[in-house]
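Read through the structure below, which is laid out as C-alpha cells, and then see the notes.
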Amino acid sequence: MTIGKWLWVMLAMVVMTARSSGQTATEPPATRPEAEAGGESGEGRTAAPAAPPARAGHETNAPPANLRAAMNDMLDVVYNLKNEFADPGNMDLTLRDLATFQRDVAVCKLHAPPAIGRLSGEERADELNSYRIMMSNLMRTSLDLEDAVTEKNVEQAKKLIAQIEEIENDGHQEFVPP
C-alpha cells in the first residue's frame, strides 16, 4: 500500500470514528464524553471547561495559518472592537477580541509580506526591519488598548483604536503592492 492510500484509509477511519460517536473531528477533546468521564486511560482526570460559544464571524478560535489569514482576522477584530468596546456589558468579548488581535499580530511577525520577500540585499533587510518595527508598535498599541478597556477609559480606547487603524493603513500602503 502506498503512503497516499494509507493516508486516505487513516483519514476515512478518523471520519468514521467521529461520525459513529456523534462527534466532529475538530471538536476539542475536553468536550468529548470520554474526556469528561475520564476515558479508559484518563481515570481521575477532569475535563477542561468548554470554550464559550463563538459569535458570528468567529466560528473557530484556531490561530491563522499564514500572513493573509492573520491580517484578515485582524481586520475583522478591529471592526468588532469599534462596535463593542464602549459597552461595559461587552468587556469579556472585547478582551477576548483583543487577545485574538494580539495573537494575530504575533503570527504576522513570523511572516514577511510577499512584497518584502521579492526584495534582496540591504533593501530587503531595511524593509523587513521597518515591518518588524511597525508590527511591534501595533502590538504595543493593542496592549495599551487592553489597558484602556480594562480601566473603562472609553476616550483613550477610541484614540487607540484610531491609532491601530492608522498603523494598519500605513502598513498596507507600505507593504501591500497596488
* Asked: Does region 78-95 hold any residues that are closer than 18 Å to residue 152 by Cβ and touching a residue at least 40 places away in the same chain (Cβ under 8 Å), and which are they?
  -> 81, 82, 85, 86, 88, 91, 94, 95
* Subset tally (residues that are under 20 Å from residue 90 (Cα atoms), of a type in the set (Lys, Arg) and either surrounded by 14 or more Cβ atoms within 10 Å (Cβ to Cβ) or within 20 Å of the chain's Cα centre (by Cα) (or both)) for region 133-158 -> 1
* Asked: Here are some residues: 130, 120. Which one is of a type in the set (Ser, Thr, Tyr), at pLDDT below 90 and surrounded by fewer than 15 Cβ atoms within 10 Å (Cβ to Cβ)?
  -> 120
* How many of the residues in region 133-178 are β-branched (Val, Ile, Thr), more than 25 Å from residue 86 (Cα to Cα) and either part of a helix (DSSP H, G or I) or at pLDDT 90 or above (or both)? -> 1
* Is it the case that residue 103 is free of Cβ contacts under 8 Å to residues at least 24 places away in the same chain, assigned to a helix (DSSP H, G or I) and either surrounded by fewer than 14 Cβ atoms within 10 Å (Cβ to Cβ) or not aromatic (Phe, Trp, Tyr) (or both)? -> no
* Asked: among the small types (Gly, Ala, Ser), without any contact (Cβ under 8 Å) to a residue 12 or more places away in the chain and part of a helix (DSSP H, G or I) - does that describe any residue in region 119-131?
  -> yes
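The values are calculated or read from the model by the stated rules, or taken from the named source; none is laboratory data. It should be emphasised that the depicted structure is a prediction, and the values quoted were computed from it without experimental measurement. Cβ: placed from backbone, ideal geometry, glycine included. Neighbour counts: every protein chain shown.
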